[in-house]
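Below is one structure, written out as structure tokens; comments come after it.
The values are calculated or read from the model by the stated rules, or taken from the named source; none is laboratory data. These figures come from a predicted structure and were not determined experimentally. Every residue, glycine as well, gets a Cβ built from its backbone with ideal geometry; the counts of neighbours run over all protein chains shown. We work out accessible area using only protein heavy atoms, side chains counted, and drop any ligands, DNA or RNA first. Shrake-Rupley method; radii C 1.70, N 1.55, O 1.52, S 1.80 Å.
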Amino acid sequence: MLLQIAEPGQSPDPHQRRVAVGIDLGTTHSLVAAMRHGLPTCLPDAQGRTLLPSAVRVTAKGRVVGHDALQAQVSAAGEVVTSFKRLMGRSRRDVQQAQRLPYRLLDGEGMVSVETDHGVVSPVQLSAEVLAVLRQRAEDSFDSTLYGAVITVPAYFDDAQRQATKDAAQLAGLEVLRLINEPTAAAIAYGLDQGSEGVYVIYDLGGGTFDVSVLRLQRGLFEVLATAGNTQLGGDDYDLALLDWVIARHQLDASTWDAAQRTAWLGQAKACKEALSGAQQGVPLHSPQGEALGQVSRLDLAQAAATLTQATLACVAQALKDAGVTPAKVDGVVMVGGATRMPCVQQAVAEYFGTPPLNNLNPDEVVALGAARQAHQLAGYTSEDSVLLLDVTPLTLGLETMGGVVEPIVPRNSTLPIAKAQDFTTFEDGQTALALHVVQGERDMAADCRSLARFELRGIPPMAAGAARIRVTFTVDADGLLQVEALEQTTGTAARIEVKPSYGLSDDELSRMLQEGFSQAQHDKQARALAQAQVDARRLVQATRSALAQDGALLEAGQRQALYDQAATLAEQAEHGTDAAALEQATQALNHGTEAFAALRMNHQIGQALSGQHVESIK
């Protein structure tokens, strides 16, 4: 009897290598990280760059992702889309300042779409392009297919936005092990690296979203006490605020700018903002044409964006209130996201808490590093540093009851995963069906909350009003995704729905996109098969011709010419053929045709080796 023994920290099956990665799908940049030599590491591209700009260029010939797309943002403004993370799971009316974006938004079927010069694309498709590049980067790094990925999302992403993220991962060919909140991922990386314990605030200001989470860190346990945030507030808004300041300061007529001009001016404002983070004095500002417009100071940026910074602190105050914690009881504040490099943000947070924030980890990488640790654990690798992750629901989930009132079922900041049930009854005598409307939000009226799903429970026995007992159960999984079940308890009649958010992809849309992905994958598979067949054929042709040159005299003239002709035919097919199967068949035919020749050569070489030796000397 054989026993399989696994060392601590190894996969349950040590013969099956499981490569799992953490992905930070960001508004401005995205990263992929994995565990290497016991430490989380961000994986670079072929040029050594770990940051992949979350930018996609849609051309007539296809799509370009990352640095090359970003470089064309001014010259081909109608083809390049950025900051599309802010559009995930959103309708047209949900998007703030849509008129200021350098591209046009269209009302899609539920979710907003982006119109480019070469067609309409959805935020899910654009995100899938970025995820596919990161997946390929990881597979190239490990020379292995991925077991799965942990993908981070803003803590305040609602169900629609989380489902859109999972749809994008599916289109990119990624198995999602879990969605985790970005601040929680940062806490995993920071807490493990620092060995910290106590109550910590994760202040996460990225390119397009802001999150704040209050966590209690203890050895082996990361508990999210509360979370708050704004999915329409980030570093991009600081760029816009500084640009507005420049327009007012220099009395520019922005109404005459086209999309390319606006993108160019916004790029100048962004560059100026970033330069201020490393400069003690003011930095020069130039127009896109190179005209000097004077100096911009840190104070100028702080004043231009003061309302934005105060909006982040309002979210901090709300999260602390929900957690029942005062600023004085916070043991540390972890800064996450590239936008936290701004001195005005650092100073405002330090003043609010009365202590300097912690920022000794790279704010661009810390989320991906934490996700990589979690992915490694979910792939089956455990160690003494493994953590129990207790995330929370960002918003209250409930049902609409009579009069349009919301009955909360799962309160916001409930620890995940969770299942909660509540009993309801019928309103009218003889009622045999019950319509259920699932909503998400903090308002008392369903009309003011986000509608997630509607379904019906039919087959209720006719009874007097109020006699039926219908138990409705909300189950939220570790990804923050919801399933609702209604059960009439006397008969066992049940109805169930997995909530597909009203702003996610429809099944038809997802099916169509998947089909496109599958067809492209088949094309790639065929191309790889043809290339491999060409290599094998050329290798055999070369070997055959070399053997004929050395030992062709062993064959009769007709046999020798037949092999020369067969090799020439195969060489022609390898050069110009497009059918991998036919090429493989021709290669096998030449292999078969040279078997007798190979036997003759072997016998000839053995005979030469033994020539002149006495039988007794051969042992």
The stretch 178-327: equivalent-ellipsoid semi-axes (sqrt of 5 x gyration tensor eigenvalues, Cα, Å): 37, 15, 14
The stretch 317-347 and the stretch 35-69: distance between their alpha carbon centers, rounded to Å: 30 Å
Nonlocal amide H pairs with GLY26, under 5 Å, H built at 1.01 Å: LEU31
Computed over the stretch 327-469, Kirkwood Rh from alpha-carbon pairs, angstrom: 19.8 Å
Rounded to whole Å, sorted largest first: equivalent-ellipsoid semi-axes of the stretch 446-496, Cα gyration tensor: 25, 15, 9
Cα shape, the stretch 152-258, gyration tensor, a/c 1.5 rule: oblate
Average Cα contact separation per residue, the stretch 236-295, under 8 Å, 6 or more apart, as relative contact order %: 27 percent
Ordering of 341-347, 146-152, 601-607 by packing [mean C-beta count within 10 Å, highest first]: 146-152, 341-347, 601-607
The stretch 257-396 shape via C-alpha gyration tensor axes, a/c threshold 1.5: prolate
Cα-based Kirkwood hydrodynamic radius, the stretch 62-186, one decimal, Å: 15.5 Å
Ordering of 313-321, 175-183 by burial proxy (mean other Cβ atoms within 10 Å per residue, highest first): 175-183, 313-321
Surface accessible to a 1.4 Å probe, per residue, for the residues of the chain, Å²: 47 Å²
Table column - 3J(HN,Hα) (Hz), the stretch 53-58, Karplus curve with 6.51, -1.76, 1.60, x for Gly and Pro: x, 7, 9, 10, 9, 9
Average Cα contact separation per residue, the stretch 206-329, under 8 Å, 6 or more apart, as relative contact order %: 26 percent
The chain, accessible surface, carbon-and-sulfur percent (1.4 angstrom probe): 49 percent
With all protein chains modelled, accessible area of GLU115 [1.4 Å, Å²]: 70 Å²
